[in-house]
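Below: one structure, written as structure tokens.
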């Protein structure tokens, strides 16, 4: 059974959060702070059409580019 868009978006956000946590070597609270401060779940939703057909690594690369453009060093 295929996921609907809402459920697929949620799963995408969770996967990217976990991947970011690992790549950035952050605990849950630290990663959550970054996601909240820079509204990354909203950004992921905005990019959903592109993100849901790409791999998570490429999507996280894009998120890191987004953060760099905002002056954030991870």
Quiz item: Which condition number in (1) surrounded by fewer than 14 Cβ atoms within 10 Å (Cβ to Cβ); (2) assigned to a helix (DSSP H, G or I) is the one that residue 3 fails?
Solution: (2)
Self-check item: Answer from 36, 8 - the residue that is assigned to a helix (DSSP H, G or I) and either in contact (Cβ under 8 Å) with a residue 40 or more places away in the chain or over 17 Å from residue 72 (Cα atoms) (or both)
Solution: 8
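Residue-wise test of (1) part of a helix (DSSP H, G or I); (2) in contact with a helix residue (DSSP H, G or I) (Cβ under 7 Å, 6 or more places away or on another chain); (3) loosely packed, with under 13 Cβ neighbours inside 10 Å.
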residue: 18; (1), (2), (3): yes, no, no
residue: 32; (1), (2), (3): yes, no, no
residue: 44; (1), (2), (3): yes, yes, no
residue: 50; (1), (2), (3): yes, no, yes
residue: 65; (1), (2), (3): yes, no, yes
residue: 68; (1), (2), (3): yes, no, yes
Practice problem: Among the candidates 62, 25, single out the residue that is at positive phi and out of contact with any strand residue (DSSP E or B) (no Cβ under 6 Å at 6 or more places or on another chain). | Solution: 25
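Quick note: the coordinates plus some simple rules give every number you see, no bench work behind them. Quantities reported herein were computed from a predicted structural model and do not represent experimental measurements. For neighbour counting, all protein chains shown are included, and Cβ atoms are generated from backbone atoms with ideal geometry for every residue, glycine included.
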